[in-house]
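Since the structure comes first, as structure tokens, the remarks are kept for the end.
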Amino acid sequence: MAGYKIIYSGGTGEITEKKSHFIANVFPVATEEEVPGIIEQTRKKYWDAKHNCYAYIIGTNPGISKCSDDGEPQGTAGRPILDVLSGAGICNALIIVTRYFGGTLLGTGGLIRAYSEAAKAGLNVSRIVTKEAGKRVIIETDYNSIGKLQYITSQMDLAVINTKYTDKARIELAVPLNSVDGLINKVTEATSGQAKINAESDIYFAVIDKEVVIF
């Protein structure tokens, strides 16, 4: 898999529908074992709310997915939240939507819309990034080839992890799997085979605010 979307940092979104208040909290989760504790903490935080409905997706192809209506009519809460997550293509994420009843029944369609919109509101204030499978590529070359390497990395839109200058120039890159061979070929050609290239280290990475984050 080239890459997939994850929650880098969660957020809290809120909507109101016919005086019912919906609060969506979004959490990054790596394992299913984390989920019960987060749900329990949320129940304690909103101790006076009747419903804390949730959905989560962990892993890919297809991964683990579960949802709960937590006392709402079947299929009106957990499933809509799950559909928002899966529709956005996000995994390793948990959304809990807390509802404070406003005194007016929303009906099946109204509940589905409200829980869906609340989940979307939570995602809208969360930091979502693409976790990319790639290689940590280290290139060492003489100073005469620096301009060529900078041109290649810029042209290929590659993320630079680190650059060091000693007796030689050393550039460390985070390279998507489908770009590794192309990079090696371009660098080899540009430096007439003089550059030393190490592309053995597998990584997962994301570029966040122009900085490389290695997972």
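Whether a residue is under 16 Å from the mean Cα position of the chain (by Cα), part of a helix (DSSP H, G or I) and closer than 22 Å to residue 6 by Cβ was assessed, and residue 85 passes this test.
All conditions in (1) surrounded by 14 or more Cβ atoms within 10 Å (Cβ to Cβ); (2) within 22 Å of the chain's Cα centre (by Cα) hold for residue 46, with the sole exception of (2).
Within segment 54-76, if we keep just the residues that are farther than 15 Å from residue 90 by Cα and either in a loop (DSSP other than H, G, I, E, B) or basic (Lys, Arg) (or both), the residue that is least open to solvent (accessible area, probe 1.4 Å) turns out to be 76. Cβ separations smaller than 7 Å between residues 6+ apart or across chains give the following pairs from segment 144-163 residues that are more than 14 Å from residue 185 (Cα to Cα) to residues that are of a type in the set (Val, Ile, Thr) and open to solvent by less than 90 Å² (accessible area, probe 1.4 Å): 145/191; 158/175; 159/207; 159/212; 160/153; 160/171; 161/212; 163/171. Taken residue by residue, segment 130-137 has at least one member that is open to solvent by 60 Å² or more (accessible area, probe 1.4 Å) and either of a type in the set (Phe, Trp, Tyr) or closer than 19 Å to residue 28 by Cα (or both).
With respect to the conditions (1) farther than 30 Å from residue 55 by Cα; (2) outside any strand (DSSP E or B); (3) in contact with a Lys or Arg (Cβ under 7 Å, 6 or more places away or on another chain), residue 167 falls short on a single one, namely (3). Of the residues contained in segment 96-104, none is found to be assigned to a helix (DSSP H, G or I) and surrounded by fewer than 20 Cβ atoms within 10 Å (Cβ to Cβ). Tallying residues that are surrounded by fewer than 18 Cβ atoms within 10 Å (Cβ to Cβ), part of a strand (DSSP E or B) and over 17 Å from the mean Cα position of the chain (by Cα) within segment 2-43 yields 3.
The values are calculated or read from the model by the stated rules, or taken from the named source; none is laboratory data. It should be emphasised that the depicted structure is a prediction, and the values quoted were computed from it without experimental measurement. Neighbour counts run over all protein chains shown; Cβ positions are idealised from the backbone, glycine included. The protein model used for the area step is the full one, side chains on, heavy atoms only, and it has no ligands, DNA or RNA in it. Shrake-Rupley method; radii C 1.70, N 1.55, O 1.52, S 1.80 Å.
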